[in-house]
Amino acid sequence: MATQDSGQARLLQLGYIQQLPRVLSWQQNAAICFSIMSVTTAISGLFGTGLAYGGPGSLVWGWVLASFFTCFMTLSMSELSSSLPVAGGIYYWSYMLSGRYGPFAAWLTAHANFVGQVAFVASNEFTCMQMLTTWISLAHLGITGDSYALSSGQQVAMYCGLVGLHGFINTAPVQYLGWLAKLSSVWHLGGTLAWIWAMLIVTPAKQPLGTVLTTFQPNPMSGITNGVYIFLIGLLTSCWSLTGYDATAHLLEETIQADRAASQSMLAAAGVSVLLGFAYLLTLCSCIQDFAGVFDPGNETGGMAPAAQIMWDAFKRRFGSGTGSLVVLMVPLGTSFLCGLFSVTSASRMLYGAARDGSVAFLAPFARVSSLTGAPITSVLFVCILTLLPALTITVNPFIFLAISSLSTIGLAFSYAAPIFCRVFLAHSTFQPGHFRLGRWSYLCGGIAVGWSIFICIVFSLPAIYPLTPETSNYSSVGLILVLLWVTVTWIWARHWYKGPSPEICNSDIVKVKPHAWG
């Protein structure tokens, strides 16, 4: 007789019936999480922001700072995911750890995480579109010698095409996504290391390490004169890059022995991302040929793609032509495509769990699993539809991309902090850890993680350009206010019937963990 999977057994103890196919190994789960974090994509996409707000020194030391605090976040979340391995688990963790406040905590956390997930998908899709646009423009320049820029309509069509393709792939059986995730991890890790090796060989005049670590550049065009403020805005590059590790939690009901694999997957993905991202960022900064030239509107990328411009300049300085950079630019282009693909995977699983439990308003119809592929197809479709909404605004106003990236970082950081706060301050004496436990260090890690999340939410709501105009305003703060208003209004209605995630079975011989047992 086959032994029941420990993750499935734990799921039954929590009151849920296995519906999604449990076929992912911990390595495949980690590969998907690693692909979603995709530091190569994130750094390439927001490199210009960090470079403009502080320069190389700000980028590198900002990465060190963000990595340090991310360690505490992932340790705390690994402990929770090991104890409560449920799809979309973050809002469920808040519910189980908040006592009589559980329903509201779950409602608030689910909405924050859902908004963060959708904004994260949109920003990743835009990054992929932007990289593909840049590659096409540079290829045209290299072949014909003439510059070429895609129109706004072509960019919107490309964005929509990428979203549609990623959605279609996500309707496939999850085991195929698992295999694709392994290939993705090879491309991310092997491709990025190959990129680093190639750029260090090709670049004829590299910046000394001391220059990279100590060069701080103000941004007079921003209207901000305070150096600390400049550095804080530049942190967005690192903080946005080091998000998405909650993907491990969203895929736990599809992961073999999830109660054991959760911490392995999350810590492995985050640890490799921190190290690989630091190496990639340091190499990119070292290969800059002209600090001011990367933002020059008259350069080959129109000043809009600093990371690609650095690659082009390095090859041009070495060979007299930058066309060869198209080969190395394929690495971040490929990672951005895979990142967008698996961002949809994570967001759709989060939506499936929240819809099943009624934790997000009006989304109950999306808690369906295809009998043919085992994928939550309706959730995938809805995530893609929402991702298409900002298409026009992103291409018309580039500052909207920064706002959406900020909103995704804020939404995800808030949703990460909520269950950690509940575990440390509301369930400190009743929490039952799983296979991965922090012991007495749990309170210290949790407290630091919550403090860092609050810091992120405040900093990335601040304006990045003065004076404020409708074109330059940081709309992430507006988005945050609208989300909080939506949560408040819907809660006034939902509090009469929503009592938290609803177990699918109530057999006392099977269900070992009761609602509010730890709060």
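Structure notes:
- Largest-first ordering by accessible area, 1.4 Å probe, given options 43, 481: 481, 43
- By accessible area with a 1.4 Å probe, ligands and nucleic acids excluded, highest first: order of 466, 95, 229: 466, 229, 95
- Alpha-carbon Rg/Rh ratio, for segment 239-353, with Rh computed the Kirkwood way: 1.11
- Radius of gyration over Kirkwood radius for segment 396-472, both on Cα atoms: the Rg/Rh ratio is 1.18.
- Cα gyration tensor shape for segment 342-385, rounded if a/c is under 1.5, else prolate or oblate: oblate
- Folded to 0 to 90 degrees: helix 398-421 orientation relative to the chain principal axis, Cα: 30 degrees
- For the chain, a simple Cβ point-charge model (Lys and Arg +1, Asp and Glu -1, everything else neutral) yields a dipole of about 940 debye relative to the Cα centre.
- Eigen-decomposition of the gyration tensor built on the alpha-carbon atoms of segment 315-355 gives equivalent ellipsoid semi-axes of 39, 5, 4 angstrom, largest listed first.
- Translational D in µm²/s for segment 319-407 (Stokes-Einstein at 37 °C, 0.692 mPa s, Kirkwood Rh from C-alpha pairs): 209 µm²/s
- Here segment 357-512 is treated as an ellipsoid with the same Cα gyration tensor; its semi-axes, largest first and in whole Å, are 33, 25, 15.
- Computed over segment 8-121, the quotient of the alpha carbon radius of gyration and 2.2 N^0.38 Å is 1.33.
- 5 angstrom amide H check on residue 54, placed H, neighbours 5+ away: 217
- Taking N as its residue count, the alpha carbon Rg of segment 453-497 over 2.2 N^0.38 Å: 1.53
- Accessible surface for residue 71 stands near 70 Å², nearest 10, in the context of the full protein assembly shown (1.4 Å probe).
- Once the convex hull of all Cα atoms in segment 348-449 is built, its volume per residue stands at 158 Å³.
- Overall Cα dimensions of the chain - principal axes, largest extent first, Å: 74, 48, 41
- Computed [θ] at 222 nm, deg cm²/dmol, the chain (DSSP H ≥ 4; -39,500 (n - 2.57); rounded to nearest 500): -21500 deg cm²/dmol
- Euclidean distance of C-alpha centroids, segment 128-171 and segment 246-277, integer Å: 31 Å
- Computed P(r) (all Cα pairs; segment 65-137; 10 Å bins; percent): 17, 31, 31, 15, 6, 1
- Protein accessible area in the chain, 1.4 Å probe - carbon and sulfur %: 70 percent
- Taking the C-alpha atoms only, the angle from helix 55-83 to the longest principal axis of the chain is near 20 degrees.
- Per residue solvent-accessible surface (Å²) - the chain, probe of 1.4 Å: 37 Å²
The values are calculated or read from the model by the stated rules, or taken from the named source; none is laboratory data. The structure displayed is predicted, hence computed values, not measured ones. Please note: Cβ atoms are built from the backbone with ideal geometry, for glycine as well, and neighbour counts cover all protein chains shown. Calculation scope for accessible area: heavy atoms of the full protein, side chains included, ligands and nucleic acids excluded. Shrake-Rupley method; radii C 1.70, N 1.55, O 1.52, S 1.80 Å.
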